[in-house]
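One structure is given below, encoded as structure tokens.
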Amino acid sequence: MKLQVVIKDNIPEISGDVDNITQLVWNLLQNVITHSESKTIELTVEALAANLGVKVTVSDDGVGIEPEILPRIFERGVSGKKGGSGIGLAICRDIAKQHGGGISIKSVSGTGTKVTVILRGIEG
């Protein structure tokens, strides 16, 4: 498995708990490794327009998420893999909300998944 990291220029500071934000990114990467059968993971960090925050995107070219699970994927206990805890993405959603942002997911079965997290920036 290959990890590509893309960090765009002029990333603003964001307010928040470093440990929680690290946990969020770790959970997203671990989810791809555990569930996707992906050959490539791309982690992208970029500024939002007018430096109002940061967008973190994790995308893969794996098996995707089953369409019947996708609408509930951020709920605790919902997992795309038998025996999965279904807690990782729920934690990501909670951390994103705690940091004034949100999380969304797009997935096509057999093609891959893209998770986008928005975190707010420090007002200057």
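Residues in region 88-102 that are out of contact with any helix residue (DSSP H, G or I) (no Cβ under 9 Å at 6 or more places or on another chain) and over 15 Å from V115 (Cβ atoms): G100 alone. Restricted to region 31-63, and to residues there that are closer than 10 Å to K114 by Cα and among the hydroxyl-bearing types (S, T, Y), the residue that is surrounded by the fewest Cβ atoms within 10 Å (Cβ to Cβ) is T57. The requirement of being among the charged types (D, E, K, R), touching a strand residue (DSSP E or B) at 6+ places or on another chain (Cβ under 8 Å) and modelled with pLDDT under 90 is not satisfied by E42. Determine whether K8 is basic (K, R) and over 15 Å from G101 (Cβ atoms). Against the criterion (basic (K, R) and over 15 Å from G101 (Cβ atoms)), K8 qualifies.
Within region 45-77, restricting attention to residues that are within 21 Å of P12 (Cα to Cα) and in a loop (DSSP other than H, G, I, E, B), the residue that is modelled with the lowest pLDDT is L52. Take the conditions among the charged types (D, E, K, R), farther than 16 Å from L119 by Cα and out of contact with any helix residue (DSSP H, G or I) (no Cβ under 9 Å at 6 or more places or on another chain) and apply them to R76. Does it pass? So R76 does not fit the description; no.
Scoring N31 on the criteria (1) out of contact with any strand residue (DSSP E or B) (no Cβ under 7 Å at 6 or more places or on another chain); (2) in a loop (DSSP other than H, G, I, E, B) leaves a single failure, condition (2). Restricting region 66-109 to residues that are touching a Phe, Trp or Tyr at 6+ places or on another chain (Cβ under 9 Å) and β-branched (V, I, T), the residue that is farthest from I21 (Cα to Cα) is I105.
The values are calculated or read from the model by the stated rules, or taken from the named source; none is laboratory data. Since we're looking at a predicted model, the values are computed, not measured. Positions of Cβ are generated from backbone atoms using ideal geometry, with glycine treated the same way; all protein chains shown enter the neighbour counts.
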